[in-house]
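K.L.:
Here you go, one structure.
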Amino acid sequence: MPKKIGVLTGGGDTSALNATLKGIALKAEELGFELVGFMEGWRGVLKGGHYFTLTPDLIDENRGGTLLKSSRTNLIKDNKLDEAVDNLKKLGISGLIPIGGDDTLTVGTALSEQFTTTFVTKTIDNDVGGNPPEGDAVDYSKMVNYFCPGFPSSAQSVINAVRDLRTTTYSHDRVIVVEAMGRDAGWLTLSAAYGQADLIAVPEVRYQPERLAEAIRKKHAEQGNVIVVVSEGIRNDAGELMINSEAELDAFGHTKPGGCSEIIVESMKKLLPEISSSAFRALILGYLQRCGSPIPLDRDISMRAGALAVQALSDGMFNGVATITRTPTGIEPTLLPLEQVLMRDETGHVIRRSLDLRFYDAERYQMSPAGAGYFRPLFGNLPRPDLSLDDRLIEIGEIG
């Protein structure tokens with residue numbers, strides 16, 4: 001009998017989940033393992049859950065989302081850990097690969113105390129892992145999990161959206177406040193610098209309306225139109241979310257953020273009366289950041305990370321996490337011990353990674369040189385600012 005292993009995808013979906021599943025399925029087939037796919041995350045491992053034999057031919061690595069679907073089931077809160085372990089054993093599963101972010105992996109770390117487990121990270125928020133050691137010089141190679149699979153594709157979506165918005169922003173002299181995902185971490189929002197966002201506000205720095213208004217005023221005076229990109233999770237001086245929907249708590253106790261861009265627009269209209277109120281617009285990117293095909297870098301590294309997790313189970317290296325490492329020769333998947341990747345608080349919940357504030361220039365509301373150094377392997381050099389119409393006319397000698 002071949003060894004039987006299981007896999008599940010939990011939490012919010014990403015564009016690269018099917019790629020991770022493809023890497024897992026291919027390596028399982030190569031090693032002669034039977035692979036069982038559990039549907040709807042942790043819900044699938046419970047009694048009565050839906051599961052099936054997962055083979056490589058069923059998976060399209062270029063398709064976003066997850067063939068296995070997902071859920072935010074919390075086995076800890078629901079006191080279902082023992083039931084999950086019993087069911088896995090009953091099914092003859094000898095090792096499990098959960099793919100997820102901080103919530104999915106919080107459950108996984110608890111389950112790993114009773115069952116053979118190896119993990120693969122994923123989240124568009126890029127908040128699983130650790131930042132480079134503190135100091136003036138940033139050593140990117142010492143980041144724990146350089147990026148989470150799924151993040152590069154989502155960041156590319158933000159970049160494309162912001163870049164495309166420039167044409168209408170310019171044409172109508174608009175001030176558009178774009179809202180990107182990121183309840184607690186500003187990685188995704190910061191990537192908008194590659195779409196040439198004028199101003200960027202992240203949740204790690206408290207939101208100050210008067211400061212942002214002054215930055216908009218200055219930028220609008222310079223070029224007549226402004227794109228501001230903000231994280232959905234930006235907070236006021238009291239550390240509170242601008243929108244806190246208690247009616248939509250998920251299984252892990254998180255409120256559903258979203259809508260801060262609309263509040264900011266109304267605030268800016270009052271603080272900037274010299275700019276026509278009709279010029280202001282709010283745009284929530286929402287699920288557009290989660291959908292679509294993965295970019296090639298994300299797809300390929302996700303497949304390799306998935307394969308690494310299966311190899312780890314085969315080699316008897318349990319309770320590891322397939323992470324991503326930046327090396328002098330490129331981006332590589334690396335298996336690290338669970339405790340090195342998933343730091344936990346006193347309640348056992350995985351501690352999220354915040355945006356490294358060395359990557360952000362809070363005074364300018366922009367990406368810092370260190371931030372550009374972080375993103376360069378993903379998206380190349382930061383694009384040069386577009387010339388204004390006046391600058392172009394001067395350049396060709398029409399005015400001056």
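Any read-out appearing in this document is the output of simple, stated calculations on the displayed coordinates, not a laboratory observation. Predicted model, so just to flag it, every value in this text is computed and none were measured. Heads up, the Cβs are rebuilt from the backbone with ideal geometry, glycines too, and the neighbour counts pull from every protein chain shown.
K.L.:
So which aspartates and glutamates pass the test for LYS142, namely a Cα distance under 17 Å, with those fewer than 8 places away in the same chain ruled out?
P.N.:
Reachable aspartates and glutamates: ASP127, GLU134, GLU332, GLU339, ASP356.
K.L.:
Related question: Taking the alpha-carbon distance from LYS218 and a cut-off under 21 Å, which lysines remain once sequence neighbours fewer than 8 residues away in the same chain are dropped?
P.N.:
LYS269, LYS270
K.L.:
Most fluctuating residue of GLN311, GLN196, GLN340 in a GNM of the chain with Cα springs under 10 Å: which is it?
P.N.:
Ranking GLN311, GLN196, GLN340 by mean-square fluctuation puts GLN340 first.
K.L.:
Could you pull out every residue, at least 5 positions away or on a different chain, whose amide H is within less than 5 Å of the one on THR323? Hs are placed 1.01 Å off N in the peptide plane, and Pro or chain starts have none.
P.N.:
So THR323 has HN proximity to THR334, LEU335, LEU336.
K.L.:
Roughly how many Å is it from the Cα centre of the stretch 108-175 to that of the stretch 359-389, as a whole number?
P.N.:
16 Å
K.L.:
Where in the chain are the DSSP H helices whose alpha-carbon span along the long axis reaches 24 Å or more and whose Kyte-Doolittle mean is at least -0.5?
P.N.:
Flagged H segments are 151-171, 296-314.
K.L.:
Can you tell me which of 151-160, 377-386, 360-369 comes out highest on packing, and rank the rest after it, using the mean Cβ neighbours within 10 Å?
P.N.:
151-160, 360-369, 377-386
K.L.:
If amide hydrogens are placed 1.01 Å from N in the peptide plane, which non-local residues have theirs closer than 5 Å to the one on ARG344?
P.N.:
Here the answer is ILE351, since their amide H atoms fall under 5 Å of that of ARG344.
K.L.:
Of LEU308, LEU58, LEU96, which is the most mobile in a GNM of the chain whose springs link Cα atoms less than 10 angstrom apart?
P.N.:
Highest fluctuation of the listed residues: LEU58.
K.L.:
What's the Cα-based Rg to Rh of the stretch 63-179, Rh via Kirkwood?
P.N.:
My calculation puts Rg/Rh at 1.13.
K.L.:
Pop a pseudo-label 7 angstrom from the Cα along the beta-carbon direction at both ALA137 and HIS50 and give the gap in nm to one decimal.
P.N.:
Distance between label points: 5.4 nm.
K.L.:
A follow-up question, please. Top mean-square fluctuation among GLU113, GLU204, GLU61, Gaussian network model of the chain, C-alpha springs under 10 Å?
P.N.:
GLU113
K.L.:
Plugging the Kirkwood radius over Cα pairs into Stokes-Einstein for the chain, at a temperature of 10 °C and a viscosity of 1.306 mPa s, what D comes out in µm²/s?
P.N.:
Calculated translational D: 72 µm²/s.
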